[in-house]
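Visitor: Have a look at this one before I ask anything.
None of the figures in this text is laboratory data; all of them are computed from the coordinates on show. This structure is a prediction, so every number in the text was calculated from the model and none was measured. When we count neighbours, we look across all protein chains shown, and the Cβ atoms used for this are built from the backbone with ideal geometry, even at glycine.
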Amino acid sequence: MSFKKVIIEKMAYSLPPNIVSSEELEENLLPIYERLNLQVGRLELMTGIKERRFWDSHQQASQSSAEAGIKLLKEGNIDPNKVDLLIHSAVCRDRLEPATASYVHNLMGLGPDTQILDVSNACLGFLNALILAGSMIEQGTINRAIIVAGENGKPLVDETVRLLNEGDFDRKSIKPYFANLTIGGGAVAWSLSRETPTHLSSPRLSQFASSTDTSHNRLCEGDQSMGGMLMQTDSEELLHAGIKVATQAWRKFLQVSKWDSQTPELVVTHQVGKAHQLEIEKALGYDSTKSFTSYESLGNCGSVSLPITYTLACEQNQDFLTKKSALLGIGSGLSSLMLALNN
C-alpha cells in the first residue's frame, strides 16, 4: 500500500487537433432538440464542458498513445532500449488481439527487451497501471516502465448523435445517452523509474488505497454495436454510487497516507464534469481551491483524464512537481483508486 523508491521520471501528452464546442455538438442534434423542445446550451450548463477535442474517426488508439510516448522519449531523453515495461491502459484499443501495446511498442521504436501488456479498467486503467508498474520497480523486478493511454471519443459521439436524431426518443429515454456527449479525446504517457539523487524535483509515488463495489457494474456499459461504439449510463445513480465508493476509498487513503483532508496541496480527480467535481469536493471535504480541472476544455477523456490533468497542472505550475498531491481515480464497475504523490 506504499512506495519508497518509485518516481515519475517524465510526463508528456498529445491533444487531438479537432476542437468541438458543446454548442456545435448540440447544433448537430437539432432534429431531436427541436422535436423535444430542448434548448441549445443545456449541455455546457449542466456539465461545465465548453469544448472537447477529437482525432479523426479512423485514428487508432495506438497511434494516439504513441504520439504521447514518442514525445515522452524525446523530451525526457529516454533511451528506447532501456524501457523494461510498456503498458497501454486505455479504454480504446486497436482490436482484441494482439495487445494494443504491441502496436505502440513498434511505433515508439522500443527495444526487444521491453515487456508489453494492456491494462483495462474503464477510466481507472492508467492508475491501475501505475500501481502495477510501480510495484515491479519497488520490488526490483524492473527499473523503468512507460505507461500510455490514448482515447478518442469521436466514434462514440458520432454514433450517439446519429442514434438520437434517427430514433424515437422522449426526454426520459434520451437520458442514458447524455453522458456520451461529454466524451472527448487525448493521449498521455508517463515514465516511472527507480529514484536516484538526480530526481530531486520529481514526484514520488507514496501511498495508495482502493475500494470496489461491483454491485453497480451495470450503471455504465459500453460496447461495439453494428454501427459503431455505444454506451448507456444512468448518470444520476452512477454519480451517487461513485461518490459512495470514492468516500470509502478516501477514508482508507487518509489512514494509509497519514494525511488529513486538508493535507494535499493539489487534488486531481477523474474529470467527468462540473456536477461530479462539486459532489466529490463536498463529500471528501477537501479545500476546493486545491482542485485542478481540465474537463472545461477537454471533456471526459476516459483513462487519460486524470493523468493528463495532473500533467497539465505541473506544466502550468512546476511547483506542483514537489507538492503533496492526491490523484483520486474512479472507474465504472465501480472501483476507486487513490494515490498520494510526495517529493
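Visitor: Can you compute the helix-only [θ] at 222 nm over the chain? Use -39500 (n - 2.57) per DSSP H run of at least 4 residues, normalise by all residues, nearest 500 deg cm²/dmol.
Guide: About -10500 deg cm²/dmol.
Visitor: Sorted by average packing, counted as other Cβ atoms within 10 angstrom per residue and highest first, what order do 321-334, 22-35 take?
Guide: 321-334, 22-35
Visitor: Show the residues, 5+ positions off or on another chain, whose built amide H is closer than 5 Å to the amide H of Gln207.
Guide: Those qualifying (amide H under 5 Å, at least 5 residues apart or on another chain) are Phe3, Ala340.
Visitor: Stokes-Einstein D for region 106-197 at 10 °C, 1.306 mPa s, Kirkwood Rh over Cα pairs, in µm²/s? Please list the in-between numbers first.
Guide: Numbers: Rh = 16.4 Å.
Value of D from the Cα-based Kirkwood radius: 97 µm²/s.
Visitor: What nm value, rounded to one decimal, do you get for the distance between Arg194 and Asn143 when each label is placed 7 Å out toward the C-beta?
Guide: Distance between label points: 0.7 nm.
Visitor: By the gyration tensor of its Cα atoms, with a ≥ b ≥ c the square roots of the eigenvalues, what is the shape of region 1-64: rounded for a/c under 1.5, prolate for a/b over b/c, or oblate? If you can, show how the numbers build up before the last one.
Guide: Details: a/c = 3.67, a/b = 2.09, b/c = 1.76.
Judged from the Cα gyration tensor, region 1-64 comes out prolate (a/c at least 1.5, a/b above b/c).
Visitor: Cross-link list Lys74/Lys244; Lys50/Lys323; Lys10/Lys154; Lys50/Lys172; Lys5/Lys50: which exceed 31 angstrom alpha carbon to alpha carbon?
Guide: Lys74/Lys244; Lys5/Lys50
Visitor: Where q = 0.25, 0.27, 0.29 Å⁻¹, what log10 of I(q)/I(0) comes from the Debye formula for region 153-207, counting one point per Cα?
Guide: Here log10 of I(q) over I(0) equals -1.01, -1.10, -1.18.
Visitor: Measuring from the lowest to the highest alpha carbon on each principal axis, how far does region 43-179 reach, largest first, in angstroms?
Guide: Here the Cα extents, ordered largest to smallest, are 57, 30, 28 Å.
Visitor: Using per-residue counts of other Cβ atoms within 10 Å, averaged over each peptide, order 11-19, 149-157 from highest down.
Guide: Descending mean neighbour count gives 149-157, 11-19.
Visitor: Quick check: the angle from helix 125-138's long axis to the longest principal axis of the chain, C-alpha only, nearest 10 degrees?
Guide: It works out to around 10 degrees.
Visitor: Moving to a separate point now. When we measure straight from the Cα of Lys71, which aspartates and glutamates land under 15 angstrom away, once same-chain ones fewer than 8 places off are left out?
Guide: Glu9, Asp79, Glu315
Visitor: Tally Lys and Arg at +1 and Asp and Glu at -1 over the other residues with C-beta under 15 Å from the C-beta of Gly111: what net charge comes out?
Guide: That sum, taken over residues with Cβ under 15 Å, equals -1.
Visitor: Restricting to the chain, compute how many DSSP beta bridges are antiparallel as a %, nearest 5. If you can, show how the numbers build up before the last one.
Guide: Numbers: 41 of 56 bridges.
Here the antiparallel bridges make up roughly 75 percent for the chain.
Visitor: What does the highest-first list of 273-280, 297-304, 102-109 look like by mean Cβ count within 10 Å?
Guide: In decreasing order of mean packing, 273-280, 297-304, 102-109 become 297-304, 102-109, 273-280.
Visitor: Mind checking the full-extension length gain between Leu278 and Ser201? Use 0.36 nm per residue of separation minus the Cα-Cα distance, one decimal, nm.
Guide: Using 0.36 nm per residue and subtracting the Cα-Cα distance, I get 24.6 nm.
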